Amino acid sequence: MDNVLQKYLPERAIAPCFHLIQQNEVHLKIVNHRVTRHGDYRRLPNGLHQITVNASLNKYRFLITLVHEIAHLVAFEKYGRRIKPHGLEWKRTFQHLMVPFIRPEIFPSQLLPIIASHFKNPKASSSTDARLSIALKAFDPEERKGKYVYELPIGSTFRLYNGRLFKKGKKRVKRYECIELSTGRLYLFQPNAEVELIQDAHIEPPF
C-alpha cells in the first residue's frame, strides 16, 4: 500500500497516512475522477471501512481528502452513527488528524497559511472554501486545469458537467449571479465552481 501511496501523496505524508490506514483498518480504493466528490467513506454491510479517493487529485488535495474521510470513520466510531456527518465531532476529529501534516516538510510555504486558516473551522469540502480551492488548483497538472467561474468575463457563457448552460453576471459579495439560459432563473455560484467556458475572453481577478 505504501508503494501505491507514493504516487498520490507528498513524500513526508506517506508513512503517517499509511499508519492511519492500518490503524483504522481502512480499505482504500483509488478511483477514476468524479465531478461531484473528491472522496467518500462508507461502512459496508460486512463491517469493512471503505474509503474512496479520486486518482485525479493533486498530492495536496489527495492528502486533505484522505484525512477528511478517515476523520468520518474515526468520528463515527468514537461518537456513534447519529452525529452529523460534518458536525462538531467530525470537525474536531479532522482538526486533530490534520495537525501533524500542517508543516513545511509536507505543504508548500504558499499553502501553509491558507490551510492553517481553513482548519480553524474546516468545511464539509475543501471546494467549499474558495480561497483554499483556488490555491490548491495551482498544483493541478495542466490537463486537469479547468476554468473557475471567477476566471470568466462578465457576460460569458459556460457549461456545467451536467450540460446546463449559464451566463455569468455581476459579483454579489463573494458569489456570482448567473442566469440559466434554458429557464432564465438566477443562481449564485461560488467563485471556484469548475465550469467549461463556451466563449473566450480575458480573465478577471477572483477577489
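General observations
- Flag if Ile114 is in the same structural domain as Leu57 (by TED's automatic domain parsing), at pLDDT 95 or above and among the β-branched types (Val, Ile, Thr): yes
- The condition (being closer than 22 Å to His33 by Cα and not hydrophobic (A, V, I, L, M, F, W, C)) is satisfied by just one residue among His86, His118, His68: His68.
- Residues in the range 21-34 that are closer than 20 Å to Phe139 by Cα and surrounded by fewer than 11 Cβ atoms within 10 Å (Cβ to Cβ): Asn32, His33.
- Scanning the range 89-135 for residues that are assigned to a helix (DSSP H, G or I), under 16 Å from Glu69 (Cα atoms) and free of Cβ contacts under 8 Å to residues at least 60 places away in the same chain yields Glu89, Trp90, Lys91, Arg92, Thr93, Phe94, Gln95, His96, Met98, Val99.
- Count of residues meeting criterion [part of a loop (DSSP other than H, G, I, E, B) and within 26 Å of Arg37 (Cβ to Cβ)] in the range 143-182: 10
- Scanning the range 43-54 for residues that are surrounded by fewer than 17 Cβ atoms within 10 Å (Cβ to Cβ) and either at pLDDT 95 or above or under 15 Å from the mean Cα position of the chain (by Cα) (or both) returns a single hit, Gln50.
- Matching entry among Phe18, Phe62 (being over 21 Å from Lys137 (Cβ atoms), in a helix (DSSP H, G or I) and among the aromatic types (Phe, Trp, Tyr)): Phe18
The values are calculated or read from the model by the stated rules, or taken from the named source; none is laboratory data. Bear in mind the structure is a predicted one, so any value in this text is a computation, not a measurement. Quick reminder, even Gly has a Cβ in these numbers, built from the backbone with ideal geometry, and neighbours come from all protein chains shown.
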